[in-house]
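Laboratory data are not the source of any read-out in this text; all were calculated from the coordinates shown. A quick note: this is a predicted structure, and the numbers were derived from the prediction, not measured. Here Cβ is always computed from backbone atoms with ideal geometry, including for glycine, and neighbour counts include all displayed protein chains.
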Amino acid sequence: MKLWFWPCCVLAGILTWMTMQGEESHQANKKATFGGGCFWCTEAMLEDVEGVLDVISGYAGGHVKNPTYRAVCEGTTGHAEVVQVTYDPDKITYKRLLELFWQSHDPTTLNRQGADVGTQYRSTIMWHDEDQFKEAQTSIKEAAPLFKDPIVTKLEKLDVFYPAEDYHQDYFKHNPNAGYCVYVIQPKMKKFKEYLGGKLPK
């Protein structure tokens, strides 16, 4: 009994240490918030990217509590249509998400994406902390050569994120044959997939 007791204790200790090391090396999930025009489009493009765990469409950057879609569309609340992305930083970095953000919309048109016009459709990066703010600043400089016109994307500190109404969540997946999905989202999705090598990496 004594001959086996010591090696088992050592083994148990080693296994415990290895488990703790694995837990320490795994980073906690993080969040990022982007506005690139209609949130239906941005959500559809980002939610199937490897490392992205969840994408919620919502509103942020305004001055009215608990805004509704109708109020935001009127352009009087100050909110932008945004998506909040929950991601695994061990699988995708914030820098990579920013690179995908530039490919998901036109950041050179002020308060407009195609036929969607108004401050609610502004291109915006709503940073959660100083690290995101600094990375976003750098990313804007790095992305500038990709576009003919200057980038007009705003950098805004995230205050409160309000999830949009339920029917907006996974809108493209639930309504693939709706006119907006066919004529606006599908062409954007095709272009986005081409950028990623022909398919979404998941």
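Going through segment 139-157 one residue at a time, which ones are surrounded by 12 or more Cβ atoms within 10 Å (Cβ to Cβ), touching a helix residue (DSSP H, G or I) at 6+ places or on another chain (Cβ under 9 Å) and either free of Cβ contacts under 8 Å to residues at least 12 places away in the same chain or part of a loop (DSSP other than H, G, I, E, B) (or both)?
142, 147, 151, 153 - these are the residues of segment 139-157 that are surrounded by 12 or more Cβ atoms within 10 Å (Cβ to Cβ), touching a helix residue (DSSP H, G or I) at 6+ places or on another chain (Cβ under 9 Å) and either free of Cβ contacts under 8 Å to residues at least 12 places away in the same chain or part of a loop (DSSP other than H, G, I, E, B) (or both).
Within segment 128-138, restricting attention to residues that are closer than 17 Å to residue 83 by Cα and touching a residue at least 40 places away in the same chain (Cβ under 8 Å), which residue is surrounded by the most Cβ atoms within 10 Å (Cβ to Cβ)?
Per the stated criteria, the residue is 132.
Which members of segment 49-88 meet the condition of being more than 22 Å from residue 156 (Cα to Cα), in contact (Cβ under 8 Å) with a residue 12 or more places away in the chain and surrounded by fewer than 16 Cβ atoms within 10 Å (Cβ to Cβ)?
Listed by number, the residues that qualify are 50, 53, 88.
Tell me which of these residue 184 doesn't satisfy, since it passes every other one: (1) part of a helix (DSSP H, G or I); (2) loosely packed, with under 13 Cβ neighbours inside 10 Å.
Of the numbered conditions (1) part of a helix (DSSP H, G or I); (2) loosely packed, with under 13 Cβ neighbours inside 10 Å, the odd one out for residue 184 is (2).
Test each condition in (1) in contact with a helix residue (DSSP H, G or I) (Cβ under 7 Å, 6 or more places away or on another chain); (2) surrounded by 20 or more Cβ atoms within 10 Å (Cβ to Cβ); (3) part of a loop (DSSP other than H, G, I, E, B) for residue 98 and report the one that comes out false.
Looking at each condition in turn, residue 98 falls short on (3).
Would a scan of segment 141-161 turn up a residue that is of a type outside the set (Asp, Glu), closer than 17 Å to residue 69 by Cβ and under 19 Å from the mean Cα position of the chain (by Cα)?
Yes, segment 141-161 has at least one match.
Looking at (1) in a loop (DSSP other than H, G, I, E, B); (2) within 18 Å of residue 99 (Cβ to Cβ); (3) of a type in the set (A, V, I, L, M, F, W, C), which one does residue 160 not meet, given that it meets all the others?
Among (1) in a loop (DSSP other than H, G, I, E, B); (2) within 18 Å of residue 99 (Cβ to Cβ); (3) of a type in the set (A, V, I, L, M, F, W, C), residue 160 violates only (2).
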